[in-house]
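In what follows, a single structure is set out as structure tokens and then discussed.
Just so you know, all these numbers are worked out from the coordinates, no wet-lab data involved. Everything numeric in this text was worked out from a predicted model, so none of it was measured. Here Cβ is always computed from backbone atoms with ideal geometry, including for glycine, and neighbour counts include all displayed protein chains.
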Amino acid sequence: MKKNLFEIGAKFDDSWSSDNKQKASKKKSFENKEPVKHHLYFAKEKRRGKIVTIIKPFFLDEKELKKLLKSLKSKLGSGGTIKENSIELQGEVQEQAKAILQKEGFRFK
């Protein structure tokens, strides 16, 4: 019997994988710093006609950053979120947030 030169159909060997794109890991390794060693700064952006106050960069783990955000939101009476290593607060609350964070021991540039 003759052997076929061409094969029809897919070949599913051990080396075959349906995911052809390798996803980069999002884990960032950074040093967890004390509040005294932070040098934070403020940024303001206008989104959809409203002002957003951004405080960055924080070098805290996610659990501590969420705890800090929760206390800031309750003391300021505004909404906010965590994005990467920064806290975004709704409204122009720079002076109030600075006073609260300085009481916590954070430093600013």
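Skipping prolines and chain starts, which residues have an amide H placed within reach, meaning under 5 Å, of the one on L40, given they are 5 or more residues away or on another chain?
For L40, the qualifying residues are R107, F108, K109.
Viscosity 1.306 mPa s, temperature 10 °C: what is the translational diffusion coefficient of the range 42-104 from Stokes-Einstein with a Kirkwood Rh over Cα pairs, rounded to a whole number of µm²/s?
Once the numbers are plugged in, D ends up at 136 µm²/s.
Kindly write out, for the range 98-107 in residue order, the coupling ³J(HN,Hα) from the Karplus curve 6.51 cos²θ - 1.76 cosθ + 1.60 (θ = phi - 60°), rounded to whole Hz, with x marking Gly and Pro.
Rounded to whole hertz, the list is 4, 4, 5, 5, 5, 5, 6, x, 7, 10.
Counting alpha carbon pairs within less than 8 Å and at least 6 residues apart, what relative contact order, in whole percent, applies to the range 42-104?
35
From the cross-link list K73/K98; K46/K66; K37/K109, which pairs have alpha carbons spaced over 21 Å apart?
Result: K46/K66 exceed 21 Å.
What order do you get for L40, L89 when you list them from fewest to most C-beta neighbours inside 10 Å?
With the fewest neighbours first, L40, L89 line up as L40, L89.
Assign unit charges at the C-beta atoms only (+1 for Lys and Arg, -1 for Asp and Glu), then state the dipole size of the range 42-104 relative to its Cα centre in Debye, rounded to the nearest 20.
That gives a dipole near 240 debye.
If Lys and Arg each add +1 and Asp and Glu each add -1, what is the summed charge of the other residues whose beta carbon sits under 15 Å from the beta carbon of V52?
Spelling it out: positives minus negatives among the neighbours equals +4.
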